[in-house]
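See below for the structure under consideration.
The values are calculated or read from the model by the stated rules, or taken from the named source; none is laboratory data. The structure displayed is predicted, hence computed values, not measured ones. Neighbour counts are summed over all protein chains in view; Cβ atoms, including those assigned to glycine, are modelled from backbone coordinates with ideal geometry.
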Amino acid sequence: MEISISQIISTYNPDAPLAEASTIPSTWYTDERIFELEKESVFTKSWQVAARLDQLSNSGDYITTEIADEPIVIVRGSDNNLRGFFNVCRHHAAAVMTEREGRANQMRCPYHGWTYSLAGELKGTPDFNDVCSFDRAENGLIPIQIAVWSKWVFARLGGQVGTQNQSDAELAEFLGADLLEEFNGLDLEKLHWFERRIYRLNCNWKVFVDNYLDGGYHVPHLHKGLDSVLDYGHYTIKNGTRFCLQSSPMVDGEIENINASRKGTRALYYWLYPNFMMNSYEGVLDTNFVRPITLNRTEVIFDFYFADVSEAARERNLASVNVGDQIQREDLDICESVQRGLNSRAYEAGRLSVRREAGEHLFHRLLHADLQAAL
Ligand code: FES
Ligand SMILES: [Fe+2]
């Protein structure tokens with residue numbers, strides 16, 4: 001007999017202290033019903049990074065993305081306000097905007113040519129004159145809640161669309177005062193976007209997050225290069241309400257290109273529940289946004305930022321991106337290996353290192369709370 005979804009969720013004990021805790025069970029990574037429930041709860045309730053602010057600098061700039069399978073468009077209007085909509089035409093549901101990003105003076109559906117203003121109002125409906133009881137004013141694009149923090153635009157599918165100030169305040173509350181205070185020290189405004197790289201992995205999105213949150217446990221084994229500049233013994237792990245900060249003092253290593261691109265006194269690795277990470281070194285930041293595609297396919301969007309993005313610094317910046325790329329490839333292989341193991345009948349759950357894996361413990365408990373509440 002098939003085990004019910006509530007039984008699967010109750011297999012995890014969120015009350016066990018770290019020294020007694022296990023990971024979430026393998027079924028959470030392999031059962032479609034959990035994936036569906038995550039989309040309905042975790043990814044609908046939480047604020048999700050949808051765009052970089054620099055992509056939406058001018059009136060008419062837009063980006064498209066998907067959150068929990070929902071097509072989304074975010075656009076800067078002629079009044080300079082940012083707005084988010086479901087990217088779903090009110091006629092027969094085609095995606096209205098089809099490029100990843102661009103600039104437009106209106107939004108025109110490619111299927112039958114309906115046009116919407118940048119504020120989402122339905123303006124043009126070719127060959128629609130004889131249609132009765134049809135009110136254009138009620139057929140604009142459906143808005144979604146968006147808010148801005150620092151360099152990013154967030155969207156929340158399940159939120160109430162109110163004023164921008166309200167939304168920004170709700171996002172700040174979601175991020176948490178403890179996290180915002182931490183970020184103040186990062187001097188984010190001095191950093192500028194340089195390059196984006198997108199990785200696709202054959203694993204559940206949580207495998208990537210778990211790997212990120214193991215407190216450096218895998219670094220000496222998997223990332224010999226990165227390990228050479230981190231003081232592994234003094235790595236620290238600090239949990240907040242909905243974030244984890246993993247941090248390591250930096251040392252001078254023996255590998256030239258790693259030394260040159262990973263400098264400063266401390267490496268700071270922030271994870272924000274459920275799927276956003278910020279990795280900070282001196283003058284360098286990369287963010288990772290983990291996008292579930294299917295139960296066992298995940299996309300991770302890396303954005304690289306530097307203090308100096310002038311032409312003179314280009315080669316140095318590219319070298320730094322390439323160091324990140326190599327680390328990412330090492331992670332990619334192990335994540336896919338873990339997913340195969342999670343699919344095996346030989347594995348149900350594993351224990352956690354008290355010294356290293358408190359972040360993973362927090363992740364699993366927050367996830368449990370969201371899934372339990374959605375049942
Ligand atoms: S579906 Fe968009 S115009 Fe018909
Ligand atoms: Fe790694």
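Being among the hydroxyl-bearing types (Ser, Thr, Tyr) and crowded, with 18+ Cβ neighbours inside 10 Å is a property that Tyr62 has.
If you filter region 325-375 down to residues that are of a type in the set (Ser, Thr, Tyr) and within 16 Å of ligand 2 (Cβ to nearest atom), you find that the one that is surrounded by the fewest Cβ atoms within 10 Å (Cβ to Cβ) is Ser337.
Just one of Gly240, Gly233, Gly176, Gly158 is at pLDDT below 95, more than 22 Å from Glu101 (Cβ to Cβ) and surrounded by 18 or more Cβ atoms within 10 Å (Cβ to Cβ); which is it? Break it down stepwise before answering.
Working: Gly233 fails: surrounded by 18 or more Cβ atoms within 10 Å (Cβ to Cβ); Gly176 fails: surrounded by 18 or more Cβ atoms within 10 Å (Cβ to Cβ); Gly158 fails: surrounded by 18 or more Cβ atoms within 10 Å (Cβ to Cβ).
So the residue among Gly240, Gly233, Gly176, Gly158 that is at pLDDT below 95, more than 22 Å from Glu101 (Cβ to Cβ) and surrounded by 18 or more Cβ atoms within 10 Å (Cβ to Cβ) is Gly240.
Which one of these is among the charged types (D, E, K, R) and either free of Cβ contacts under 8 Å to residues at least 40 places away in the same chain or within 16 Å of ligand 1 (Cβ to nearest atom) (or both): Glu195, Glu181? So the residue among Glu195, Glu181 that is among the charged types (D, E, K, R) and either free of Cβ contacts under 8 Å to residues at least 40 places away in the same chain or within 16 Å of ligand 1 (Cβ to nearest atom) (or both) is Glu181.
The set of residues from region 163-215 being among the aromatic types (Phe, Trp, Tyr) and closer than 27 Å to Ile237 by Cα comprises Phe174, Phe183, Tyr199, Trp205, Phe208, Tyr212.
Could you please let me know if Arg52 is among the basic types (Lys, Arg) and in contact with a strand residue (DSSP E or B) (Cβ under 7 Å, 6 or more places away or on another chain)? Walk me through it before giving the result.
On the way: among the basic types (Lys, Arg): yes; in contact with a strand residue (DSSP E or B) (Cβ under 7 Å, 6 or more places away or on another chain): yes.
Taking the combined requirement at face value, the residue satisfies it.
Residues in region 75-96 that are away from ligand 1 (no atom under 11 Å from the Cβ), aliphatic (A, V, I, L, M) and crowded, with 20+ Cβ neighbours inside 10 Å: Val75 only. Within region 108-152, if we keep just the residues that are over 19 Å from Thr64 (Cβ atoms), surrounded by fewer than 16 Cβ atoms within 10 Å (Cβ to Cβ) and aromatic (Phe, Trp, Tyr), the residue that is farthest from ligand 1 (Cβ to nearest atom) turns out to be Phe134.
Residue-wise test of (1) at pLDDT 95 or above; (2) within 16 Å of ligand 1 (Cβ to nearest atom); (3) part of a helix (DSSP H, G or I).
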position: Tyr270; (1), (2), (3): yes, no, no
position: Val290; (1), (2), (3): yes, no, no
position: Phe302; (1), (2), (3): yes, no, no
position: Ile327; (1), (2), (3): no, no, yes
position: Ile334; (1), (2), (3): yes, no, yes
position: Gln339; (1), (2), (3): yes, no, yes
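Go through the residues of region 204-227 one by one and say whether even a single one is assigned to a helix (DSSP H, G or I) and more than 16 Å from ligand 2 (Cβ to nearest atom). No, there is no match, as no residue in region 204-227 is assigned to a helix (DSSP H, G or I) and more than 16 Å from ligand 2 (Cβ to nearest atom).
Would it be correct to say that His112 is more than 28 Å from Ile198 (Cα to Cα), assigned to a loop (DSSP other than H, G, I, E, B), away from ligand 2 (no atom under 16 Å from the Cβ) and touching a residue at least 24 places away in the same chain (Cβ under 8 Å)? Answer is no for this residue.
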